[in-house]
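Reading through the structure tokens given below for one structure.
The values are calculated or read from the model by the stated rules, or taken from the named source; none is laboratory data. Please read all numbers here as calculations on a predicted model, not as lab measurements. Please note: Cβ atoms are built from the backbone with ideal geometry, for glycine as well, and neighbour counts cover all protein chains shown. For the accessible areas, the whole protein counts, side chains as well, though only heavy atoms, and no ligand, DNA or RNA atoms are used. Shrake-Rupley method; radii C 1.70, N 1.55, O 1.52, S 1.80 Å.
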Amino acid sequence: QVQLAESGGGLVQAGGSLRLSCAASLPTFSGHAMGWFRQAPGKEREFVASITRSGGLQYYADSVKGRFTASRDNAKNTVYLQMNSLEPEDTAVYYCAAKRGSRSYNYTEYTYWGQGTQVTVSS
């Protein structure tokens, strides 16, 4: 059974940092592009970042570009999201997701999802 498990969320002050991790029990982890999405109360799920199967290319939403960095360790079946200079607007539940093949901005194209981890940024 495929499982994705996020960790690393929490409460942080504006300007602070958090590092999210997502451990995947995917038999072919390196064959999956990985994405990070977030959903704030009353809002739709939105794209945050994606990373290609090799980890060589990353893509970011404009709202997080320059502050967030996605990475992955295929030997550990884990993907990371380093979040710096956090802002109250970053408050949301953060999800990691996996899809076969190439990366995508579209959350409907992702097959596997974690349960989410709460990130709260206080002003």
Given (1) β-branched (V, I, T); (2) touching a Lys or Arg at 6+ places or on another chain (Cβ under 6 Å); (3) free of Cβ contacts under 8 Å to residues at least 12 places away in the same chain, where does T108 come up short, assuming only one miss? (2)
Subset of segment 27-40, residues open to solvent by 30 Å² or more (accessible area, probe 1.4 Å) and over 17 Å from Y107 (Cβ atoms), comes to P27, T28, S30
For segment 1-12, what are the residues that are within 14 Å of A70 (Cβ to Cβ) and open to solvent by 30 Å² or more (accessible area, probe 1.4 Å)? G8
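Let's see how each residue does on (1) within 29 Å of Q13 (Cβ to Cβ); (2) open to solvent by 20 Å² or more (accessible area, probe 1.4 Å); (3) among the polar types (S, T, N, Q):
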residue: D73; (1), (2), (3): yes, yes, no
residue: K76; (1), (2), (3): no, yes, no
residue: P88; (1), (2), (3): yes, yes, no
residue: T91; (1), (2), (3): yes, yes, yes
residue: S104; (1), (2), (3): no, no, yes
residue: T108; (1), (2), (3): no, yes, yes
residue: T111; (1), (2), (3): no, yes, yes
residue: G114; (1), (2), (3): yes, no, no
residue: T120; (1), (2), (3): yes, yes, yes
How many residues are surrounded by 15 or more Cβ atoms within 10 Å (Cβ to Cβ) and closer than 17 Å to G116 by Cβ if we restrict to segment 13-26? 6
Which of the residues spanning segment 93-102 are over 21 Å from G15 (Cβ atoms) and open to solvent by less than 30 Å² (accessible area, probe 1.4 Å)? C96, A97, A98, K99, G101
Can you tell me which residues in segment 1-35 are out of contact with any helix residue (DSSP H, G or I) (no Cβ under 9 Å at 6 or more places or on another chain), in a strand (DSSP E or B) and of a type outside the set (A, V, I, L, M)? E6, S7, G10, Q13, R19, S21, C22, H32
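Table: residues versus (1) touching a Ser or Thr at 6+ places or on another chain (Cβ under 8 Å); (2) over 22 Å from Q1 (Cβ atoms); (3) touching a residue at least 12 places away in the same chain (Cβ under 8 Å).
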| position | (1), (2), (3) |
| --- | --- |
| I51 | yes, yes, yes |
| S71 | no, yes, yes |
| A92 | no, yes, yes |
| G114 | no, no, yes |
Of the residues R45, R67, which is open to solvent by 40 Å² or more (accessible area, probe 1.4 Å) and charged (D, E, K, R)? R45
